[in-house]
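One structure is given here, and the rest of the page talks about it.
Rule-based calculations on the coordinates, nothing more; no lab input. In this text the structure is predicted, and so the values were computed from the model without any measurement. Don't worry about glycine lacking a Cβ; one is built from the backbone with ideal geometry, like all the others, and counts go over all protein chains shown.
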Amino acid sequence: MDVAKFKRVVLKLSGEALAGTKGYGIDPVIVDSIARQIKETQSTGIEMAIVVGGGNIWRGMAGSAKGMDRATADYMGMLATVMNSLALQDALENYSVNTRVQTAIEMRQIAEPYIRRRAIRHLEKGRVVIFAAGTGNPYFSTDTTAALRAAEIEADVILMAKKNTDGVYDSDPRYNPDAKKFKELEYIEVLKRGLGVMDSTATSLCMDNKIPIIVFSIDEPGNIMQAALGKDIGTIVGGIKRDG
């Protein structure tokens, strides 16, 4: 049996990852597949926290671009992440995985408020913790949420599960057949070249706190486990010695 390389990880899922081929809404089949992969990964002894985006339901930036107040649009996006988090929680609990959703905006009827020490205690007890509602503040992305929560709970790595790409390239491989895939990158190079691993705020936060990032494809079943075990998959930002 493979030995877990990391003790505690933050898995960052885009909202689009839950939407399947439709690109919007929540696809129960896809959510079930992701939940099954999370269960398998956690069974290796890895403590797992998750941050889910909300782009399959609502994007604050899109609403703002069409004239909506930016803060209002971002709060709507935070609520979309809560919907995704509850769907993922339900799928995980169908596999008998004890799960807690913690929200940065208080809504006690459906989730716990985010409390750092409580989150860590849940992880230590073998529960999966899903961080919802972003940071609770407008103008910050769920990428930044993942970086912030990873720093707060002292995670070993952020696993960036991407849709339609298997790593970081120097240009978009969908349009450039000669695009070069990076195996390893430094944070500063990501920032200077604008490579889009995370937004600049999230990348800087990871750099300042020395939190490595593994970027990999969510489209291939089993990749969450491979990334969490430190296998040679995707692109790594920040430097970790990986297994072959």
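Can you confirm whether region 125-148 contains a residue that is polar (S, T, N, Q), outside any loop (DSSP other than H, G, I, E, B) and in contact with an Asp or Glu (Cβ under 8 Å, 6 or more places away or on another chain)? So far as region 125-148 goes, yes, one or more of its residues are polar (S, T, N, Q), outside any loop (DSSP other than H, G, I, E, B) and in contact with an Asp or Glu (Cβ under 8 Å, 6 or more places away or on another chain). Would you please name the residue that is nearest to Ile38 (Cα to Cα), looking only at residues in region 130-154 that are hydrophobic (A, V, I, L, M, F, W, C) and surrounded by fewer than 24 Cβ atoms within 10 Å (Cβ to Cβ)? Ranking the candidates gives Ile153 first.
Taking the listed residues Ile38, Ile30, the one that is surrounded by fewer than 23 Cβ atoms within 10 Å (Cβ to Cβ), among the β-branched types (Val, Ile, Thr) and outside any strand (DSSP E or B) is Ile30, with no other qualifying.
Set side by side, the residues Arg100, Arg108, Arg117 differ, and just one is in a helix (DSSP H, G or I) and not hydroxyl-bearing (Ser, Thr, Tyr), which is Arg117. Of everything in region 155-188, what is more than 11 Å from Ile236 (Cα to Cα), small (Gly, Ala, Ser) and crowded, with 19+ Cβ neighbours inside 10 Å? Give them in sequence order. Listed by number, the residues that qualify are Ala155, Ala161. Could you list all residues from region 172-193 that are part of a helix (DSSP H, G or I) and free of Cβ contacts under 8 Å to residues at least 40 places away in the same chain? If the condition is that a residue be part of a helix (DSSP H, G or I) and free of Cβ contacts under 8 Å to residues at least 40 places away in the same chain, then Ile188, Glu189, Leu191, Lys192, Arg193 are the ones that fit. Only one of the numbered conditions (1) farther than 18 Å from Glu16 by Cβ; (2) of a type in the set (Lys, Arg); (3) touching a helix residue (DSSP H, G or I) at 6+ places or on another chain (Cβ under 8 Å) is violated by Arg117, and that is (3).
Checking the conditions here, which among Gly23, Gly67, Gly15, Gly63 is out of contact with any Leu (no Cβ under 9 Å at 6 or more places or on another chain), under 27 Å from Pro212 (Cα atoms) and among the small types (Gly, Ala, Ser)? Being out of contact with any Leu (no Cβ under 9 Å at 6 or more places or on another chain), under 27 Å from Pro212 (Cα atoms) and among the small types (Gly, Ala, Ser) holds for just one of Gly23, Gly67, Gly15, Gly63, which is Gly15.
Can you confirm whether region 90-97 contains a residue that is over 14 Å from the mean Cα position of the chain (by Cα), farther than 21 Å from Ile213 by Cα and surrounded by 23 or more Cβ atoms within 10 Å (Cβ to Cβ)? Before the answer, list the steps.
Initial filter on region 90-97 (over 14 Å from the mean Cα position of the chain (by Cα)): 90-97.
So of that shortlist, the ones also farther than 21 Å from Ile213 by Cα come out as 90-97.
In the following step, the residues that additionally are surrounded by 23 or more Cβ atoms within 10 Å (Cβ to Cβ) were identified as 91-92.
Yes, region 90-97 contains a residue that is over 14 Å from the mean Cα position of the chain (by Cα), farther than 21 Å from Ile213 by Cα and surrounded by 23 or more Cβ atoms within 10 Å (Cβ to Cβ).
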